[in-house]
Amino acid sequence: MTAVLAILLILVGLPLLAYWLGGRGVWSRLRPGAEADPWRDVVRRHRLSSSDAPRVAHAVPRGLALAEPHLRQAAVDWAERLIEQESVRWPTTRKGRLLAGAAVLWFVGVVAFLVQRLVTGRPEDVNWVTVAIVVGFGIGSVHRRRMLRRTIELNRDEPAIA
């Protein structure tokens, strides 16, 4: 008897529960795809076609100028968003500031160790692979920011084609 009641409850109660939950107002406030997607926002705002979007995506990180005005505006917008996203923001909470300060002190200590080992004539104690990777990332990030700024400079005004 209990098995029949359990089956009846599942067959009738589960669809009724789903119907009741589906009618709640909380579901109408949810929007699919509501998470932030800056690239999608740029494509929609500038109404880029499926052939224009890759051109902008290709030109922006390489610092290239685009000929069409609507592509130039999209390139400037996308480059500015990338610069804003990749900017270093210092933490505002006390715990965050303490951790950031500790990270800065650690980095200064690592650089001091590197300099001390070089001055004392013991460069074999330095992990040069790690140094090369950190320097490579630093050079890459500076180069990327320069290319984004170059994109903004080249595409901000009308092209000087005569």
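Tell me, please, whether a residue that is touching a Ser or Thr at 6+ places or on another chain (Cβ under 6 Å) and not aliphatic (A, V, I, L, M) can be found in segment 56-68.
yes
Go through segment 54-86 and give me each residue that's open to solvent by 90 Å² or more (accessible area, probe 1.4 Å) and without any contact (Cβ under 8 Å) to a residue 12 or more places away in the chain. Working first, answer last.
Initial filter on segment 54-86 (open to solvent by 90 Å² or more (accessible area, probe 1.4 Å)): 55, 58, 62, 73, 84-85.
Matches in segment 54-86: His58, Glu84.
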Residues located in segment 9-39, provided they are closer than 30 Å to Arg144 by Cβ and either at pLDDT 90 or above or open to solvent by 90 Å² or more (accessible area, probe 1.4 Å) (or both): Glu35, Ala36, Trp39
Scan (1) of a type in the set (D, E, K, R); (2) more than 23 Å from Pro61 (Cα to Cα); (3) surrounded by 10 or more Cβ atoms within 10 Å (Cβ to Cβ) for the single condition Arg145 breaks and write down its number. (2)
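Filter segment 113-123 down to the residues that are assigned to a helix (DSSP H, G or I), out of contact with any Pro (no Cβ under 7 Å at 6 or more places or on another chain) and at pLDDT 90 or above, then identify the one that is least open to solvent (accessible area, probe 1.4 Å).
Here is the first cut: in segment 113-123, the residues assigned to a helix (DSSP H, G or I) are 113-119, 123.
Pick out the ones that are also out of contact with any Pro (no Cβ under 7 Å at 6 or more places or on another chain) and you get 113-116, 118-119, 123.
Still in the list and also at pLDDT 90 or above: 113-116, 118-119.
Details: Phe113: 92, Leu114: 41, Val115: 78, Gln116: 84, Leu118: 86, Val119: 117 Å².
Residue satisfying both the conditions and the ranking: Leu114.
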Enumerate the pairs (first residue in segment 87-112 and more than 18 Å from Gly138 (Cα to Cα) and surrounded by 10 or more Cβ atoms within 10 Å (Cβ to Cβ); second residue anywhere and at pLDDT 90 or above and among the hydrophobic types (A, V, I, L, M, F, W, C)) with beta-carbon separation below 9 Å, excluding pairs fewer than 6 apart on the same chain, so at least 6 apart or on different chains. Pro91/Leu98; Pro91/Leu99; Pro91/Ala100
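Conditions (1) closer than 30 Å to Asp77 by Cα; (2) of a type outside the set (A, V, I, L, M, F, W, C); (3) touching a helix residue (DSSP H, G or I) at 6+ places or on another chain (Cβ under 6 Å), marked per residue:
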| position | (1), (2), (3) |
| --- | --- |
| Arg117 | no, yes, yes |
| Val126 | no, no, yes |
| Val135 | yes, no, no |
| Gly138 | yes, yes, no |
| Arg145 | yes, yes, no |
| Arg149 | yes, yes, no |
| Glu153 | yes, yes, no |
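The values are calculated or read from the model by the stated rules, or taken from the named source; none is laboratory data. Since we're looking at a predicted model, the values are computed, not measured. Please note: Cβ atoms are built from the backbone with ideal geometry, for glycine as well, and neighbour counts cover all protein chains shown. Only protein heavy atoms, including side chains, enter the accessible area calculation; ligands, DNA and RNA are left aside. Shrake-Rupley method; radii C 1.70, N 1.55, O 1.52, S 1.80 Å.
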